[in-house]
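Visitor: Mind looking over this structure? Questions follow.
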Amino acid sequence: MTAKSKWYPIVGGFSSGKTSVVEILESMGYAVVPNASRVLIEANRAKGIPTEVTRRDEAAFQRLVLKKKLEDEGGIDRNRITFLDNAVPCSIPYFFLNGIDPQEALKFCEPNLYVKVFLMEQLPYKHDGVRTETEEFMRKLNGEMRKAYEALGYEVIDVPVAPTKEEVVNRVKLILSHVI
């Protein structure tokens, strides 16, 4: 399969270390796309709107996140190596687990778009004011992420857990070993 871009989604449930890895990659000069849901929630929090209000209607929120992902991906150069903190197909498991028809998200998933997908092994749950999901939801999410990307034909590479800063760097090295 030849990818239509040089994009590499870094996926997984919340509290899996995606953002830490993406931040390191960005500091190394790589193009990155931040997590759409985090961007939306933090923008509302800056306006004084609590996370609970932003996510009161979870179906509407998930549709808004998908819209943001589509906008973000629509503005990226397909010929530049870019790491995405979750990507459009990540909406499939979020829709499914929240009782929304996943076909709403699936119809926007472009075949052969990404080079490889990196699935972050789950870290222990850590509440940060942005996450509202439960630990049970978190555990289900990674399995559904794998299913969604594999069903779309993507190679999913597991990235083992890394609780320390040194081990986070090793996660980055593992990812880059599949890119460069």
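The values are calculated or read from the model by the stated rules, or taken from the named source; none is laboratory data. This structure is a prediction, so every number in the text was calculated from the model and none was measured. Virtual Cβ from ideal backbone geometry, glycine too; neighbours counted across all protein chains shown. Surface areas here come from the heavy atoms of the whole protein model, side chains and all, with no ligands, DNA or RNA. Shrake-Rupley method; radii C 1.70, N 1.55, O 1.52, S 1.80 Å.
Visitor: Per-residue HN-Hα couplings for region 101-107, Karplus 6.51 cos²θ - 1.76 cosθ + 1.60 at θ = phi - 60°, whole Hz, x for Gly and Pro?
Guide: The phi angles translate into 4, x, 4, 4, 8, 4, 5 Hz.
Visitor: State in Å² the accessible area per residue of the chain; use a 1.4 Å probe, count heavy atoms of protein chains only, and round to the nearest integer.
Guide: Details: 8960 Å² over 180 residues.
Averaged over the residues of the chain, the accessible area is 50 Å².
Visitor: Amide H of Ile157 versus every other amide H placed in the peptide plane: which residues, excluding those fewer than 5 positions away on the same chain, fall under 5 Å?
Guide: Val117, Phe118, Leu119
Visitor: Let me ask you something else. Ranking request for peptides 2-8, 44-50, 79-85: highest mean number of other beta-carbon atoms within 10 Å first, then the rest in descending order. It would help to have the intermediate numbers written out before the result.
Guide: On the way: 2-8: 16.3, 44-50: 11.0, 79-85: 19.0.
Per-residue Cβ counts within 10 Å, averaged per peptide and sorted highest first, yield 79-85, 2-8, 44-50.
Visitor: Can you give the FRET efficiency for Glu26 and Lys47, using 1/(1 + (r/R0)^6), R0 = 22 Å, r = Cβ-Cβ distance, to the nearest 0.05?
Guide: Efficiency computed from Cβ-Cβ geometry: 0.30.
Visitor: Report, to one decimal in Å, the Kirkwood hydrodynamic radius for the chain based on all distinct Cα pairs. Spell out each step's value before the answer.
Guide: Working: mean 1/r = 0.0608 Å⁻¹.
Evaluated on the chain, it is 16.4 Å.
Visitor: Let me ask another. Could you check the spin-label model distance between Lys140 and Leu176? Points 7 Å from the Cα along Cα→Cβ, value in nm.
Guide: Computed distance between label sites Lys140 and Leu176 equals 3.8 nm.
Visitor: Please list, in order along region 138-151, the HN-Hα scalar couplings obtained from phi with the Karplus expression 6.51 cos²θ - 1.76 cosθ + 1.60 (θ = phi - 60°), rounded to whole Hz, x for Gly and Pro.
Guide: 4, 5, 6, 4, 4, x, 6, 4, 4, 4, 5, 5, 5, 5
Visitor: What is the set of long-range amide H partners of Leu84 at a cut-off below 5 Å, with H atoms built 1.01 Å from backbone N?
Guide: Placed amide hydrogens put Tyr8, Ile10, Val33 under 5 Å from Leu84.
Visitor: Now, a different point. Apply the a/c threshold of 1.5 to the C-alpha gyration tensor of region 1-61 and tell me whether it is rounded, prolate or oblate. Numbers along the way, then the final one.
Guide: Values: a/c = 2.49, a/b = 1.79, b/c = 1.39.
Note, shape of region 1-61 comes out prolate.
Visitor: Oh, and also: If R₀ is 30 angstrom, what is the calculated FRET efficiency for the pair Glu121 and Lys68, using the beta carbon separation as r and rounding to 0.05?
Guide: Between Glu121 and Lys68 the formula returns 0.70.
Visitor: How much length would be gained if the chain were fully extended between Glu155 and Leu97, taking 0.36 nm per residue of separation minus their Cα-Cα distance, in nm to one decimal?
Guide: This chain segment gains 18.6 nm when fully extended.
Visitor: While we're looking at this one, here's another question. Please give the length that would be gained between Lys107 and Asp77 if that part of the chain were fully extended, namely 0.36 nm times their separation in residues minus their C-alpha to C-alpha distance (nm, one decimal). Kindly include the intermediate steps, with their values, before the conclusion.
Guide: Working: separation 30, 0.36 × 30 = 10.80 nm, distance 2.18 nm.
The Lys107-Asp77 span can extend by a further 8.6 nm.
Visitor: Now a separate question. Tell me the carbon and sulfur percent of the accessible area for the chain, rounded to whole percent, probe radius 1.4 Å. Numbers along the way, then the final one.
Guide: Details: 4700 of 8960 Å².
That share works out to 52 percent.
Visitor: Still on this structure: Which pairs, out of Lys6/Lys140; Lys67/Lys140; Lys107/Lys173; Lys47/Lys116; Lys68/Lys173; Lys4/Lys140, put more than 25 Å between their alpha-carbon atoms? Spell out each step's value before the answer.
Guide: Numbers: Lys6/Lys140 29 Å; Lys67/Lys140 23 Å; Lys107/Lys173 33 Å; Lys47/Lys116 36 Å; Lys68/Lys173 29 Å; Lys4/Lys140 30 Å.
Exceeds cut-off: Lys6/Lys140; Lys107/Lys173; Lys47/Lys116; Lys68/Lys173; Lys4/Lys140.
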